[in-house]
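I have placed the structure first, in the form of structure tokens, so that the comments after it can refer back to it.
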């Protein structure tokens, strides 16, 4: 490829793995961040650190990728970098947005006549490192193949949902299913602990039935041996996503009730000071 790419969010769980894969065949720029570990690792592998957005004007970027925590942060970045980008730069937003976020982001870049697409990803930190994530794409259809040049670097599958709004809704619905399933797995094992039911046997039983799931596998094997870090997604990020999901589903009473119950579960966990913990750590009977 040999493209010039700026990745904003390379310090995160997912962003680090995606950046490492992009770096194999491209000139990768990363933005300075106070969380240095992942940034320093990327620099050692050849990434170039920039200290401010103003440096973008001199980079002649082919692509800007964003993978940040939430919609307000992404919108703030878009307002700052929009005037600095060349019109030929493709912006690929990997952020999970609220229901209006992708449209608001597109409107900002449209002002500067810059192509903007969204492609939030699905998978774990390990899958990010291995380059086998899934991605939900949306945007101007004549930019799909160009987008895949970059996304195929760290994605096994890229699913085209049409508009940025449809892709946003699809991502939130995907997270609705996965996070509620994960929450059920957490409560499954916590309840088993209180009822003095053997975790290993219960896991083997669950694998034989329709309760088997990716969330069960990611959490259970490690939790049974005392490792509660099988699901690398934080409690605070889960609460953020469920807040977005709850808002998306507010006109669908039954679905909204389900998401609201799960949202309350993580609100309580954040309130107890566990926002930075991984959600699978909520099983840990010693802490919670």
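Given a Förster radius of 41 Å and the C-beta distance between residue 87 and residue 243 as r, what FRET efficiency does 1/(1 + (r/R0)^6) yield to the nearest 0.05?
The formula returns an efficiency of 0.75 here.
For the chain, find the longest principal axis of its Cα atoms and tell me its angle to the long axis of helix 13-23, 0 to 90°, nearest 10.
The answer is roughly 40 degrees.
Going 7 Å from the Cα of residue 125 along its beta-carbon direction, which residues of the range 61-95 have the amide nitrogen within less than 16 Å of the resulting point?
none
Take 119, 277, 52, 174 and order them by how many other Cβ atoms sit within 10 Å, fewest up front.
By the 10 Å Cβ count, ascending: 52, 174, 277, 119.
I'd like the distance separating the alpha-carbon centroids of the range 188-203 and the range 94-148, in whole Å.
Comparing the Cα centres of the range 188-203 and the range 94-148, I get a distance of 39 Å.
In whole percent, what relative contact order does the chain give with Cα contacts below 8 Å and a gap of six or more residues?
Result for the chain is 14 percent.
Using Cα pairs closer than 8 Å and at least 6 residues apart in sequence, work out the relative contact order for the range 188-288, in percent.
About 31 percent, as a whole number.
By counting other Cβ atoms within 10 Å of each Cβ, how are 149, 8 ranked from fewest to most?
149, 8
Listing 127, 54 from the residue with the fewest other Cβ atoms within 10 Å to the one with the most, what is the order?
54, 127
What's the angle, to the nearest 10 degrees (0 to 90), between helix 164-194's Cα axis and the longest principal axis of the chain?
That works out to roughly 30 degrees.
Need the C-alpha centroid separation for the range 156-175 versus the range 228-288, integer Å.
21
Note the angle between two axes, namely the Cα long axis of helix 214-224 and the longest principal axis of the Cα atoms of the chain, as a number of degrees from 0 to 90, rounded to the nearest 10.
Around 60 degrees separate the two axes.
Every number in this text was worked out from the coordinates using simple rules, so none of it is lab data. Keep in mind that what you see is a predicted model, and the values were worked out from it rather than measured. Neighbour counts run over all protein chains shown; Cβ positions are idealised from the backbone, glycine included.
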